[in-house]
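Undergrad: Here it is, the structure, as structure tokens.
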Amino acid sequence: MITVRRALLALLTLLSVTALGGGALLMIRPDGSLMGMSPGDFATTFFADFFWPGVILFSVFGIGSAVAAVGVSRRRVVGTTWAMLIGSGQVIWILVQTVMIEHLSWLQAFYALLGVTITALASYERRRDKVPHVL
């Protein structure tokens with residue numbers, strides 16, 4: 001049987017791997033061509049290309065999710081706290097993205113749901129371990 005902690009670790013790992021890969025591709029080719037995107041997607045934003053969104057994706061959601069996963073696997077208070085922040089941040093990232101680029105994709109719905117699920121599982125783990133709220 002899969003535990004909540006294992007499910008949380010799997011989802012954090014999924015987010016980390018895909019964010020590291022996607023962020024790296026956007027930094028390598030800021031025109032978005034490696035991911036099948038076009039610079040026209042940013043016509044309604046203040047970004048000239050995909051470089052800075054790639055940096056955010058890589059560092060915050062790629063590295064951040066990996067750090068959260070390590071903390072959760074070691075049963076550290078900071079692990080579930082960080083996982084909740086990463087999950088909530090993911091939802092905000094997707095909401096801002098959909099507003100800014102005015103383009104909807106099934107991937108946005110998937111990653112928004114991923115963020116909600118990570119937040120919920122991390123919150124559950126935190127309560128289950130009876131960890132006091134630090135923030």
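The values are calculated or read from the model by the stated rules, or taken from the named source; none is laboratory data. All of these numbers come straight from a predicted model, not from anything done at the bench. Glycine also receives a Cβ, built like all others from the backbone with ideal geometry; neighbour counts cover every protein chain displayed.
Undergrad: If we scan the stretch 35-42, do we find a residue that is part of a helix (DSSP H, G or I), surrounded by 15 or more Cβ atoms within 10 Å (Cβ to Cβ), of a type outside the set (Val, Ile, Thr) and without any contact (Cβ under 8 Å) to a residue 60 or more places away in the chain? Explain how you work it out, then say what you get.
TA: Taking the stretch 35-42 first, the residues part of a helix (DSSP H, G or I) are 35, 39-42.
Right, trim to surrounded by 15 or more Cβ atoms within 10 Å (Cβ to Cβ) and you get 41-42.
From the residues that got through so far, the ones that are of a type outside the set (Val, Ile, Thr) too are 41-42.
Narrowing the set further to residues that are without any contact (Cβ under 8 Å) to a residue 60 or more places away in the chain leaves 42.
Yes: one or more hits.
Undergrad: Among the residues of the stretch 90-104, is any of a type in the set (Phe, Trp, Tyr) and touching a residue at least 12 places away in the same chain (Cβ under 8 Å)?
TA: Yes.
Residue by residue, here is whether (1) within 15 Å of SER123 (Cα to Cα); (2) outside any loop (DSSP other than H, G, I, E, B); (3) of a type in the set (Ser, Thr, Tyr) holds:
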residue: THR18; (1), (2), (3): no, yes, yes
residue: GLY21; (1), (2), (3): no, yes, no
residue: ALA24; (1), (2), (3): no, yes, no
residue: PRO30; (1), (2), (3): no, no, no
residue: THR45; (1), (2), (3): no, no, yes
residue: TRP52; (1), (2), (3): no, yes, no
residue: SER65; (1), (2), (3): no, yes, yes
residue: ALA69; (1), (2), (3): yes, yes, no
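Undergrad: Determine which member of the set ILE92, ILE101, ILE118 is surrounded by 15 or more Cβ atoms within 10 Å (Cβ to Cβ) and farther than 19 Å from VAL17 by Cα.
TA: Exactly one residue qualifies, and that residue is ILE101.
Undergrad: Right, another one. Specify which of the listed residues (ARG127, ARG75) is within 14 Å of LEU8 (Cβ to Cβ), assigned to a helix (DSSP H, G or I) and at pLDDT below 95.
TA: Of ARG127, ARG75, the one residue that is within 14 Å of LEU8 (Cβ to Cβ), assigned to a helix (DSSP H, G or I) and at pLDDT below 95 is ARG127.
Undergrad: Looking only at the stretch 1-34, filter to residues that are polar (S, T, N, Q) and over 13 Å from GLY62 (Cα atoms); which one of those is surrounded by the fewest Cβ atoms within 10 Å (Cβ to Cβ)?
TA: Residue satisfying both the conditions and the ranking: THR3.
Undergrad: Something else: From the set of residues in the stretch 53-89 that are of a type in the set (Ser, Thr, Tyr) and buried (at least 22 other Cβ atoms within 10 Å of the Cβ), which is nearest to ARG6 (Cα to Cα)?
TA: THR80
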